[in-house]
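Read the structure below first, then the notes.
Just so it is clear, none of the values below were taken in a lab; they were calculated from the coordinates. Treat the numbers as computed from the prediction; the structure is a model and nothing was measured. Note that we place each Cβ from the backbone using ideal geometry, even for glycine, and neighbour counts take in every protein chain shown.
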């Protein structure tokens, strides 16, 4: 990712950032600019192709409703899959889109989704829904909705990793559930703001005591044994992995021998 302005030559650790720091970082992040720019273009196309308000409303509603399901499916069966790191063709993508995030859950740089994966996914899900509902205008409306919903999800995800206690009961609860996903057991609580599909899919746990502590919570299955058999992610990570602690405590290769280092 090219960095400039607020993002240039900076390390963004959410454990050490305030809400104001997060807002500044979020507002200046290139991917967020891309989402809003594409949403603006899509809304301009909605105006150009406008043929009635009802299909647009339906397209918005369906896009918002389908988003939690799409996130659940991708998070559970793609991001936490055990097949992407087994090929040199997909190892780099898997490392960027999720392994790095679980290695260091407080690193804001790798918390945001990569545009080359998020935008095609949003388009693939929303454009057909909108088009079936109301043609080109509704397709553009659905795409814009998907982009803006992604921004909301990304910001909520950032807040969950911020070292502050949310004020609202809702935000406190979803942060607690998500933190258990990162620090207790990664095989559950796949949602971000909505855990309905976790409930339906049998992966919801409202209390950490309900499931055992996972030994792969930080490496999400890419263990030392797997790294020996499929070395591509390890090589991209300079042969360092935080199996028992997030990577931010593993500063170099010596840290893997000498234990956690501040």
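Observations on the structure shown:
- For the chain, the longest principal axis of the Cα atoms and the long axis of helix 169-183 meet at an angle of about 40 degrees.
- Segment 193-245-segment 109-172 distance, computed between alpha-carbon centres (Å): 23
- The protection proxy used here, the mean number of other Cβ atoms lying within 10 Å of each residue, ranks peptides 105-114, 168-177 as follows, highest first: 105-114, 168-177.
- Relative to the dominant Cα principal axis of the chain, helix 30-49 is inclined by about 20°.
- Relative to the longest principal axis of the Cα atoms of the chain, helix 115-161 runs at roughly 30 degrees.
- Residue exposure sequence - 116, 72, 222 - by fewest surrounding Cβ within 10 Å: 116, 72, 222
- Packing-based ranking of 149-156, 182-189 yields 182-189, 149-156, ordered from highest to lowest mean Cβ neighbour count within 10 Å.
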